[in-house]
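Step one of this worksheet: look at the structure below.
The values are calculated or read from the model by the stated rules, or taken from the named source; none is laboratory data. All of these numbers come straight from a predicted model, not from anything done at the bench. A quick note on method: Cβ atoms are made from the backbone with ideal geometry, for glycine too, and the neighbour counts reach across all protein chains shown. For the accessible areas, the whole protein counts, side chains as well, though only heavy atoms, and no ligand, DNA or RNA atoms are used. Shrake-Rupley method; radii C 1.70, N 1.55, O 1.52, S 1.80 Å.
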Amino acid sequence: MPHLEKPLRLGFLASHGGSNLQAILDAIGSGVLPALAQVVISNNSQAQALKRAAALGVPGLHLSSHTHPDADALDRAIVDALRAHQVALVVLAGYMRKIGPRLLAAYPGRIVNIHPALLPRFGGQGMYGLHVHQAVLAAGERETGATVHLVDSEHDRGALLAQARVRVEPGDSPETLQQRVLTVEHRLYPETLRKIAEGEILL
Ligand code: GRF
């Protein structure tokens, strides 16, 4: 299993905007996070995340069912790319595909994700994007938040590593809540990775 030594070698999987990716790259750039961004992999060739990587000279790869129609071949290609870039910790940043069994086996306890709610509540099948915030509002919750957790074969079920809370305000819509939670994610994710890099959180 790859060692988690400083600087922590990160590999990212992202599907869309990559605002969390950007927050982490910024934390690396400013010296707050002792890590190296080794590679950004996206299943979406048009992902903003790939553009953000390119802007900072971080290698970017498009690996998807278009490049690899066979799911097992895709899973293998992702593992090969992460290994080729000497990635020690895999960071999911808005990655909309299920993680394959080869990737899980290659990086056991070495894949982290951020979810826009206080897991174990409001996680699992169908709980992504605005659906999460709609569900929180429909349940009449007074607070929500963000969770960084380890990824295993179950959706949103791995060990919780860190959480941050966000108040639900009267008049919140799913969109306003999503935005406030996202702002908190941008602080929580780099901070949690820093704690992993510094050995304050042991994986
Ligand atoms: C975030 O809300 C994150 O919690 C979830 O996917 C979204 C990614 O947003 N896993 P971005 O691509 O980082 O902007």
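Is it the case, given these coordinates, that ILE196 is closer than 28 Å to PRO7 by Cα, part of a helix (DSSP H, G or I) and more than 13 Å from the chain's Cα centre (by Cα)? Taking the combined requirement at face value, the residue satisfies it. A single entry from GLN163, GLN178 fulfils the requirement of being within 13 Å of the ligand (Cβ to nearest atom), touching a His at 6+ places or on another chain (Cβ under 7 Å) and at pLDDT 95 or above: GLN178. On the basis of being open to solvent by 60 Å² or more (accessible area, probe 1.4 Å), within 22 Å of ARG194 (Cβ to Cβ) and outside any helix (DSSP H, G or I), does GLN125 make the cut? No; evaluated as a whole, the condition is false for this residue. Check off (1) out of contact with any Leu (no Cβ under 7 Å at 6 or more places or on another chain); (2) open to solvent by less than 80 Å² (accessible area, probe 1.4 Å); (3) within 11 Å of the ligand (Cβ to nearest atom); (4) in a loop (DSSP other than H, G, I, E, B) for ASP156 and give me the number that stays unchecked. All conditions are met except number (1). Take GLY60 and decide whether it is touching a helix residue (DSSP H, G or I) at 6+ places or on another chain (Cβ under 9 Å), open to solvent by less than 30 Å² (accessible area, probe 1.4 Å) and closer than 24 Å to ALA197 by Cβ. No, not satisfied.
In the set GLN46, GLN22, GLN86, which member is on the phi > 0 side of the Ramachandran plot and modelled with pLDDT of 95 or more? Full working, then the answer.
On the way: GLN46 fails: on the phi > 0 side of the Ramachandran plot; GLN22 fails: on the phi > 0 side of the Ramachandran plot.
That would be GLN86, the only listed residue that is on the phi > 0 side of the Ramachandran plot and modelled with pLDDT of 95 or more.
Of the helices (runs of 4 or more DSSP H) lying entirely inside segment 1-110, the ones with 3 or more residues being away from the ligand (no atom under 16 Å from the Cβ) are found at 71-84, 101-106.
Yes/no per residue for (1) farther than 27 Å from LEU182 by Cβ; (2) crowded, with 20+ Cβ neighbours inside 10 Å; (3) of a type in the set (D, E, K, R):
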{"residue": "PHE12", "(1), (2), (3)": "no, yes, no"}
{"residue": "GLY29", "(1), (2), (3)": "no, no, no"}
{"residue": "SER42", "(1), (2), (3)": "no, yes, no"}
{"residue": "ARG52", "(1), (2), (3)": "no, yes, yes"}
{"residue": "ALA55", "(1), (2), (3)": "no, no, no"}
{"residue": "ASP72", "(1), (2), (3)": "yes, no, yes"}
{"residue": "TYR95", "(1), (2), (3)": "no, yes, no"}
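Of the residues making up segment 100-128, those that are in contact (Cβ under 8 Å) with a residue 12 or more places away in the chain and among the small types (Gly, Ala, Ser) are GLY100, ALA106, GLY109, ALA117, GLY123, GLY124. Got at least one residue in segment 136-145 being under 22 Å from HIS16 (Cα atoms) and touching a helix residue (DSSP H, G or I) at 6+ places or on another chain (Cβ under 9 Å)? Yes, there is a match, as at least one residue in segment 136-145 is under 22 Å from HIS16 (Cα atoms) and touching a helix residue (DSSP H, G or I) at 6+ places or on another chain (Cβ under 9 Å). The set of residues from segment 160-183 being open to solvent by 60 Å² or more (accessible area, probe 1.4 Å) and under 19 Å from the mean Cα position of the chain (by Cα) comprises LEU160, GLN163, ARG165, GLN178, GLN179, ARG180, THR183.
Test HIS186 against the criterion of being within 17 Å of the chain's Cα centre (by Cα), within 13 Å of the ligand (Cβ to nearest atom) and within 21 Å of ASP75 (Cα to Cα), and give yes or no.
No: the conditions fail for HIS186.
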